[in-house]
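Beneath this line is the structure, given in structure tokens, with notes to follow.
The values are calculated or read from the model by the stated rules, or taken from the named source; none is laboratory data. Source: prediction; values computed, not measured. So basically every Cβ, Gly included, is an ideal-geometry build from the backbone, and we count neighbours across all protein chains shown.
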Amino acid sequence: MDWQQPESALLIVGHGSTVNPDSSAPSLAQAEAIREHGVFREVACCFWKEEPSLRDALLFFREPEIREVYVVPNFISEGYFTETVIPRELELEGRLTTRPGGQVWKYCEPAGNHPAVTELLLRRAREIAPGVAAAETTLLIVGHGTALNENSAVAAKREVEKISALDTYASVQNAYMEEAPLISDWARLTTTPNVVVVPFFISDGLHSYQDIPVLLGIESETTAAASQREVFRRNPHRHHGRDLYYASAIGTEPKFAEILVEQAAAFDTAALDLSPIA
Amino acid sequence: MLPRAERALSDWLASGARGIGQLLIVKTGGFSLRHREDEARADLQVFRSPNDATELARLDDAENYRPLKTAPNLRHGWVLELADLPALRLALDLFYPGRLPALAAWEANQLATTPLRATLDRQTGMYRSAAKISDGEIDELVGRFCRSRGGEPGCLRTILWARDMTGARPSLRLPLDKFIAPVDQTERGEHVMPLLCQEACNLLVAEARKVVKDSSNRAERTGFEGSC
């Protein structure tokens, strides 16, 4: 992390959860790592469903030395949160917002848009199914999907296109929790003897650790949170005559701290769209 | 010059404040933090990194998740030894996220508060319906959810926001002390830094939505039974 911003702060915005203790863990861990590298004068997190809230974050970074605040959504895709909730709660007027007093808040792209995410997904897929022939394997990238915002599934589709182009797996497909093709239909969607499922989520929170395993049929009911169970699930799971492998989410990877910093750095080098957020 | 939150923290400690929320702060070579109810205990597990506060604040004594860090259910049995004021500030930011900046803003007379109705009216998506909550339901909900002791889960913050633009208190079921900043909400009556609440949290917004949903389900059932 050569990029140094002694007159700037980094605000990592996560979803958080009122029911799952692991949801905010990746953001907090990455904030700690970035703080230790001393890239920014200050590093803080805020969450939609936990404390500090996005509204609380309006009170952060009041030192006159902090001229700029980079806001990086620790979200996997553009969507309802990045386009509606975060700008509204943080009172962002667009990509650039100047606060009274002249401090500038720079609204960066979400972590999931970073090009290195593709490699993280592939690494997860390889780690959980070592020695499994990719040519006899379908890779399913599972996103949330929501009727609230049509962009929510775009990032997951983009990753599938990028991985498909590598021509490694027999098939690479998208599936979603809340829109078709549904992950609960995985057996119908695939034909190969091996199916590797990688959740395209930041944390092993409510959706990736508790909901999707039920939708896959590898858990009959919602389990305790990841941090409250002694062992991670054992792969493979034998279902519908196939070997099913299920991975953990990518947001806790140490590489993600670099991704968050690079999304901030990218703001200053990207050609800016200064139009208001829709 | 010290950052504003550290300055506020330092000033409060110099004024003799014993802690914040359920935390006792003791000046040592650096600082030590523990549960205020653990003051006399000698069998505490020792932690030394401010980042340990994340784990210490995450679960209660029964290992249940604490989604609201200002709920009066901080776990017991530990002591956190911290080297200096920046480490203390970081730990407090993890135990009680967002509260030191709110306190510093309040002291600088710059803490804007948002009426509950404005918070609810701003919601979109699944929380949009929360705005339909009645004043009577707000009175009951805030009285139950935000109370300092015996609430569900309860909260040790001092409420600074009004119900709406009229400036009305959101709940008449809470003691007046709940709305007065420097009061020790643990009812131990000590001089502590207050946990200030400048705007309703997302947990309360989610509860408001639930109240509206339950109320409309009840109305539908009554209507259905009435039509038979």
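Values for this structure:
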read-out: Total residues in region A:41-69, condition over 17 Å from A:Glu89 (Cβ atoms) and in contact with a helix residue (DSSP H, G or I) (Cβ under 7 Å, 6 or more places away or on another chain); value: 3
read-out: Hits in region B:171-225 - residues which are within 30 Å of B:Glu107 (Cα to Cα) and among the charged types (D, E, K, R); value: B:Arg173, B:Asp177, B:Lys178, B:Asp184, B:Glu187, B:Arg188, B:Glu190, B:Glu199
read-out: Test set (1) at pLDDT 95 or above; (2) within 23 Å of A:Ala257 (Cβ to Cβ) - A:Pro87 fails condition number; value: (2)
read-out: B:Lys213 being more than 17 Å from B:Ala71 (Cα to Cα), among the basic types (Lys, Arg) and either modelled with pLDDT under 95 or touching a Ser or Thr at 6+ places or on another chain (Cβ under 9 Å) (or both); value: yes
read-out: Pairs where the first residue, in region B:199-220, is away from chain A (no Cβ under 14 Å) and the second is crowded, with 19+ Cβ neighbours inside 10 Å and modelled with pLDDT of 95 or more, C-beta under 7 Å, 6+ apart; value: B:Val211/B:Ile133; B:Val211/B:Leu141; B:Val212/B:Ala130; B:Val212/B:Ile133
read-out: Per-region count, region B:123-166, residues surrounded by fewer than 18 Cβ atoms within 10 Å (Cβ to Cβ), among the acidic types (Asp, Glu) and modelled with pLDDT of 95 or more; value: 4
read-out: Region B:45-61 residues that are in contact (Cβ under 8 Å) with a residue 60 or more places away in the chain, paired with ones that are hydrophobic (A, V, I, L, M, F, W, C) (beta carbon under 7 Å, 6 or more apart); value: none
read-out: Filter result (within 14 Å of another protein chain (Cβ to nearest Cβ), free of Cβ contacts under 8 Å to residues at least 60 places away in the same chain and surrounded by fewer than 22 Cβ atoms within 10 Å (Cβ to Cβ)) within region B:67-87; value: B:Arg75, B:Ala87
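Listed here are the residues, each with its yes/no results for (1) free of Cβ contacts under 8 Å to residues at least 40 places away in the same chain; (2) surrounded by 23 or more Cβ atoms within 10 Å (Cβ to Cβ); (3) in a loop (DSSP other than H, G, I, E, B).
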{"residue": "A:Asp2", "(1), (2), (3)": "yes, no, yes"}
{"residue": "A:Pro21", "(1), (2), (3)": "no, no, yes"}
{"residue": "A:Ala29", "(1), (2), (3)": "no, no, no"}
{"residue": "A:Glu32", "(1), (2), (3)": "yes, no, no"}
{"residue": "A:Glu50", "(1), (2), (3)": "yes, yes, yes"}
{"residue": "A:Pro64", "(1), (2), (3)": "yes, no, yes"}
{"residue": "A:Tyr70", "(1), (2), (3)": "no, yes, no"}
{"residue": "A:Ser77", "(1), (2), (3)": "no, yes, yes"}
